[in-house]
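Scroll down for the structure; my scribbles are underneath it.
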Amino acid sequence: MQSFRTELENPIVEKDIIDLEKKIRAFREGKIHDEKFRSLRLARGIYGQRQPGVQMVRIKLPFGKVTFKQLLRIADISDEYASHNLHLTTRQDIQIHYVSLDRTPQLWADLEQDDITLREACGNTVRNVTASPIAGIDPDEPFDVSPYAHATFEYFLRNPICQDMGRKFKISFSSSDADTAFSYIHDIGVIPKLNSNNERGFKVMLGGGLGAQPLLAHIVEDFLPEDQLIPYIETIIRVFDRYGERNNRNKARLKYLIQKIGLEEVLRLAEIERKAIKVKTYPINRDAVPAPAIPEQAAFVDVVIDNPLRYEQWLITNVFEQKQKGFYGVYVKVPVGDIPTDQARKFIDAIKPYVADEIRITANQGLLLKYAGKEALPALYAGLAALDMAAPGFDSIADVTTCPGTDTCNLGISNSMTLARVLEDVIYNEYEELIFNREIKIKISGCMNSCGQHGLAHIGFHGSSSKAGTRVLPSVQVLLGGGTVGDGVGRAAEKITKVPAKRATKVLRAVLDDYQANSTQNETFHAYYDRQGKDYFYQLLKPLADLTALTEEEFVDWGHEETFATAIGVGECAGVVIDLVATLLYESDEKFGWAKESFAAGFWSDAIYHSYNVFISSAKALLLDKNVNSSTQSGIIREFDSRYVETGEFNLGGSFNDLVLQINKHEPSEAFAKTYLEEASNFLATVKVKREELVQS
């Protein structure tokens, strides 16, 4: 890696980074089309920001696990390349912002020194595999799901079946029936189970998702044996890759494929894929994620707690006894998920003597510390309090989840970060007794896409705008009644009304005041909401939606001084469809190269899938010459037969369908890999000849 300061020990990673550097250079020289390059960098965790000329870099941390050394490394990286800040995400990643594109290869190389990757943190891939942060120490867990989440991450990273799907694919592992990893909103979500023989397995949920149209997952397996989990996931991803939508990104998620062809058909197609998958059983190495070293027990100096009441609140809301008796898990509330790098370093210094060397990022943008002894808690609290990181009320109504919104995201419509802080202040200052309420969740997104998970909130807001005469003002859509029920069952929040953003505090007060006044004793928020009904809340909040008496202040968004103006860019949550013939043929050549490399290395299954993609990309290129832009891979196969084979324009000695779909008729053997690779090579060569004829004619 000639231009980098440090050579890497992992040749696969080194090749990845060299390739990124070459592609950036080619892009700068105008040799790679912009949309092709966008897809490539997204799959390397590099995401265009709202601010032109700089990037957000998403650092992929499987199930949110990060060591002290890794967190310090990321802080150093942010200081060197970014904005001296770490942003914790709802998918247990860390994001850094304002990075120069040309510096991303070196940034990646520096991160990999401590085994941290950017690969497939964004784009049309399997995204970060999430898990309950308390996995491994959860008193209610049947077993630790961490090794299973780790194995899933490793298996699908760089796996050919999920490098260029129609859109992203999300997987979660909850630690118990409490379902704290939200299985019901994932493409695949699982919950650990033990059968009557004490054997391990998983309850499986399929096809969930939030976004502008939330759809809850289907329960498809009550008990899937542990060694069948990864093979099962592979069959589903193969079906999604082949049959999923690719042109209309708003319909390009697994949930819409299920909606389109039906759950039973998706499962039938998945069963057909079993013959072709790499392994039919995949035993998990249960020791792959060892328990972190427990800190040495020392004689702690007596600590004087300045605010004993606050300390007691912290103990009640932020501390719990682990399943390992005598040790405690400690939650750290991180407002809006932001930790300045200087604070991150002081934080590690403050906690290092008292907790194990493993931090878990939580789905609500906080941190979990492990293995604190009871005697260490006062000193740990004092250290956190000195850094203003000991606020009570973790995961309570006072712990608001939010995406970055208009601060950095192209799709943000109105501010979410400042609004989250303002709503938390309302709780702490006016409803302090509710910091003990861990049932009700408030979540905010800057737009309807639900990166802040407003779609599963008890009280949710998403950014919007409203028109008042000739003027536009920042607004929020109010949603109520969502949340986790448990054991794979959840609720999608319902849209109630839209109000000016500056009235969100009044919405919160109106809902909480009514809940406190009209809920029955021990009534949950869900029960209260269902009893009152959606229209009740519409009528309750209707006065706040009235735009006839607006103030000038309401035309200015939270955290801003200037008058609001909508400025929505092009979203990069997934790659944009590439419809240029030359680019597709370039891709075919590249995929053929990968197929040959995989075959030479003895990776038969990978060689076969790369060969499959050669067929698809090449066929799509010729179809575009007839102005046929099929939205699925299965459609490409069907259309190529119709437009080229059946018309006699392209002679294959049979149908294109039969040629390509040999992939799920054969075991992934060396013999089949060799034959299929040769057929892909011949097809690509013939397509190039045909393409040249079309260009010359």
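Output the number of residues of the range 222-272 satisfying the condition of being touching a Ser or Thr at 6+ places or on another chain (Cβ under 8 Å), of a type in the set (D, E, K, R) and free of Cβ contacts under 8 Å to residues at least 60 places away in the same chain.
Restricting attention to the range 222-272, the residues satisfying the condition of being touching a Ser or Thr at 6+ places or on another chain (Cβ under 8 Å) are 227-231, 233, 242-248, 270-271.
Next, from what is left, pick out any that are of a type in the set (D, E, K, R): 227, 242, 245-246, 271.
Remaining after also requiring free of Cβ contacts under 8 Å to residues at least 60 places away in the same chain: 227, 271.
Total meeting the criteria: 2.
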query: Restricting to the range 596-652, what's the tally of residues that are over 14 Å from residue 690 (Cβ atoms), touching a Phe, Trp or Tyr at 6+ places or on another chain (Cβ under 7 Å) and of a type in the set (Ser, Thr, Tyr)?
result: 3
message: Yes or no: the range 18-32 includes at least one residue that is open to solvent by less than 20 Å² (accessible area, probe 1.4 Å), outside any strand (DSSP E or B) and touching a strand residue (DSSP E or B) at 6+ places or on another chain (Cβ under 9 Å).
response: yes
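Quick one: which residue in 115, 102 is within 21 Å of the chain's Cα centre (by Cα), over 23 Å from residue 451 (Cβ atoms) and at pLDDT below 95? Spell out how you get there, then give the answer.
On the way: 102 fails: within 21 Å of the chain's Cα centre (by Cα).
Result: 115 is the single residue among 115, 102 that is within 21 Å of the chain's Cα centre (by Cα), over 23 Å from residue 451 (Cβ atoms) and at pLDDT below 95.
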task: For residue 433, state whether it is buried (at least 20 other Cβ atoms within 10 Å of the Cβ), among the charged types (D, E, K, R) and part of a helix (DSSP H, G or I).
output: no
message: Can you pull out every residue in the range 129-145 that is within 15 Å of residue 190 (Cα to Cα) and not hydrophobic (A, V, I, L, M, F, W, C)?
response: 130, 132, 133, 141, 142, 144
- line: The one condition residue 149 fails out of (1) more than 23 Å from residue 324 (Cα to Cα); (2) touching a Phe, Trp or Tyr at 6+ places or on another chain (Cβ under 9 Å) is (1)
query: For the range 343-391, what are the residues that are within 27 Å of the chain's Cα centre (by Cα) and not aliphatic (A, V, I, L, M)?
result: 343, 345, 347, 357, 358, 360, 362, 364, 365, 366, 370
message: I need the full set of residues from the range 126-165 which are polar (S, T, N, Q) and at pLDDT 95 or above, in order please.
response: 128, 130, 132, 146, 152, 159
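What number of residues in the range 175-208 are open to solvent by 50 Å² or more (accessible area, probe 1.4 Å), among the hydrophobic types (A, V, I, L, M, F, W, C) and under 16 Å from residue 224 (Cβ atoms)? Show your work before the answer.
Initially, the range 175-208 is screened for residues open to solvent by 50 Å² or more (accessible area, probe 1.4 Å), giving 177-178, 180, 194, 196-200.
Among the residues that remain, those that are also among the hydrophobic types (A, V, I, L, M, F, W, C) are: 178, 194.
Of the ones still in play, those that are also under 16 Å from residue 224 (Cβ atoms) are 194.
Final tally of qualifying residues: 1.
Kindly indicate which of 171, 134, 161 is within 27 Å of residue 369 (Cβ to Cβ) and either open to solvent by less than 20 Å² (accessible area, probe 1.4 Å) or within 17 Å of the chain's Cα centre (by Cα) (or both).
Working: 134 fails: either open to solvent by less than 20 Å² (accessible area, probe 1.4 Å) or within 17 Å of the chain's Cα centre (by Cα) (or both); 161 fails: within 27 Å of residue 369 (Cβ to Cβ).
Checking each option against the conditions leaves just 171.
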field: Members of the range 559-614 found to be at pLDDT 65 or above and among the charged types (D, E, K, R), listed by number
entry: 561, 562, 587, 589, 590, 591, 596, 597, 606
- line: Residue pairs qualifying under the 7 Å Cβ cut-off, at least six apart or on distinct chains, with the first in the range 310-327 being closer than 10 Å to residue 390 by Cβ and the second being surrounded by fewer than 19 Cβ atoms within 10 Å (Cβ to Cβ), are 311/305
- prompt: Can you find a residue in the range 130-153 that is in a loop (DSSP other than H, G, I, E, B), touching an Asp or Glu at 6+ places or on another chain (Cβ under 6 Å) and touching a residue at least 60 places away in the same chain (Cβ under 8 Å)?
  reply: yes
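Report the residue count in the range 614-632 for those that are farther than 12 Å from residue 687 by Cα and either crowded, with 24+ Cβ neighbours inside 10 Å or more than 34 Å from the chain's Cα centre (by Cα) (or both).
Residues meeting the conditions: 2.
So, in the range 235-252, how many residues would count as being open to solvent by 10 Å² or more (accessible area, probe 1.4 Å) and either over 18 Å from residue 213 (Cβ atoms) or among the acidic types (Asp, Glu) (or both)?
First, pick out the residues of the range 235-252 that are open to solvent by 10 Å² or more (accessible area, probe 1.4 Å): 243, 245-251.
Checking the rest, the ones that are also either over 18 Å from residue 213 (Cβ atoms) or among the acidic types (Asp, Glu) (or both) come to 243, 245-246.
Within the range 235-252, residues that are open to solvent by 10 Å² or more (accessible area, probe 1.4 Å) and either over 18 Å from residue 213 (Cβ atoms) or among the acidic types (Asp, Glu) (or both) number 3.
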task: Would you mind stating whether residue 256 is open to solvent by 40 Å² or more (accessible area, probe 1.4 Å), hydroxyl-bearing (Ser, Thr, Tyr) and either more than 18 Å from the chain's Cα centre (by Cα) or closer than 23 Å to residue 493 by Cβ (or both)?
output: no
message: For a quick check of your reading of the model, give me the residue pairs whose first member lies in the range 515-544 and is farther than 14 Å from residue 493 by Cα, whose second is open to solvent by 90 Å² or more (accessible area, probe 1.4 Å), with beta-carbon atoms closer than 6 Å and at least 6 apart or on different chains.
response: 544/506
statement: If we keep only residues of the range 461-481 that are touching a Ser or Thr at 6+ places or on another chain (Cβ under 9 Å), open to solvent by less than 10 Å² (accessible area, probe 1.4 Å) and not small (Gly, Ala, Ser), then the residue nearest to residue 178 (Cα to Cα) is 461
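Between 669, 655, 697, which is modelled with pLDDT under 95, surrounded by fewer than 22 Cβ atoms within 10 Å (Cβ to Cβ) and among the small types (Gly, Ala, Ser)? It would help to see each step written out before you state the result.
Working: 669 fails: modelled with pLDDT under 95; 655 fails: modelled with pLDDT under 95.
Residue meeting the stated conditions: 697.
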message: Condition first: assigned to a loop (DSSP other than H, G, I, E, B), over 17 Å from residue 62 (Cα atoms), out of contact with any Leu (no Cβ under 6 Å at 6 or more places or on another chain) and among the hydroxyl-bearing types (Ser, Thr, Tyr). Can you find one or more residues in the range 166-176 that meet it?
response: yes
query: If residue 290 satisfies every condition in (1) at pLDDT below 95; (2) open to solvent by 60 Å² or more (accessible area, probe 1.4 Å); (3) more than 25 Å from the chain's Cα centre (by Cα); (4) not hydrophobic (A, V, I, L, M, F, W, C) but one, which is the exception?
result: (3)
- prompt: What is the number of the single condition among (1) under 26 Å from residue 63 (Cα atoms); (2) in contact with a helix residue (DSSP H, G or I) (Cβ under 9 Å, 6 or more places away or on another chain) that residue 370 does not meet?
  reply: (2)
- prompt: Does residue 542 fit the bill of being closer than 23 Å to residue 212 by Cα and not in a helix (DSSP H, G or I)?
  reply: no
message: Please list, ordered by residue number, the strands (runs of 3 or more DSSP E) wholly in the range 313-406 having 3 or more residues that are over 30 Å from residue 475 (Cβ atoms) and of a type outside the set (S, T, N, Q).
response: 319-321, 327-332, 359-361, 367-373
- prompt: Of the numbered conditions (1) closer than 18 Å to residue 440 by Cβ; (2) of a type in the set (S, T, N, Q); (3) surrounded by fewer than 20 Cβ atoms within 10 Å (Cβ to Cβ), residue 484 satisfies every one except a single condition; which is it?
  reply: (3)
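The values are calculated or read from the model by the stated rules, or taken from the named source; none is laboratory data. As the structure is a prediction and not an experimental result, all values here were calculated from the model. Cβ: placed from backbone, ideal geometry, glycine included. Neighbour counts: every protein chain shown. Accessible surface is based on the protein model in full, side chains and every heavy atom, while ligands, DNA and RNA are left aside. Shrake-Rupley method; radii C 1.70, N 1.55, O 1.52, S 1.80 Å.
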